[in-house]
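See structure below.
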Amino acid sequence: MPTQMEASDASEGTYLMIDGEPCEVRSISMSSPGKHGSAKAKIKARGVFDDKDRHITKPGDTMMMSPDVDKKIGQVVSRDGNIAQVMDMDTYETDEMELPDDLTAGEGDEIEYWVIDDRKLVKGLNK
């Protein structure tokens, strides 16, 4: 279940929802509070699924959503091009996932994948 956090509490490597997409924070800088306003958080992040850079500036006390990132291990059951049937090693459920172009996983190989808001992202071979 996603949680809320203040923009000023974000740090490099944390995940935030920006423009409806889960993003990993790459850098954050805080400006000093001014005479007429509060401190501002300048956040630079990259989309987890689309690799797009996003830059936002928010007041430091703004509440932002932080998605749950569930890191799992699965085994490739079958593969057809870039689509693979993957079996979760904990629950033994199977699901179709799109594999990255540079991943050479074949049948029987274990892969690491992430589940974020019911969306799945294959990260690579399990080491």
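Structure values in brief
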quantity: Any hit, region 38-57, residues being aromatic (Phe, Trp, Tyr) and in contact (Cβ under 8 Å) with a residue 60 or more places away in the chain; calculated: yes
quantity: Members of region 9-68 found to be assigned to a loop (DSSP other than H, G, I, E, B) and polar (S, T, N, Q), listed by number; calculated: Ser11, Thr14, Ser31, Ser32, Ser38, Thr62
quantity: Filter result (farther than 11 Å from Lys72 by Cβ, surrounded by 15 or more Cβ atoms within 10 Å (Cβ to Cβ) and not small (Gly, Ala, Ser)) within region 98-115; calculated: Leu99, Leu103, Asp109
quantity: Selected residue (criterion: modelled with the lowest pLDDT) from residues of region 72-93 that are surrounded by 15 or more Cβ atoms within 10 Å (Cβ to Cβ) and of a type outside the set (A, V, I, L, M); calculated: Arg79
quantity: Candidate set from region 17-51 (those that are farther than 23 Å from Pro67 by Cβ and of a type in the set (S, T, N, Q)); member that is surrounded by the fewest Cβ atoms within 10 Å (Cβ to Cβ); calculated: Ser32
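The values are calculated or read from the model by the stated rules, or taken from the named source; none is laboratory data. Quantities reported herein were computed from a predicted structural model and do not represent experimental measurements. Neighbour counts run over all protein chains shown; Cβ positions are idealised from the backbone, glycine included.
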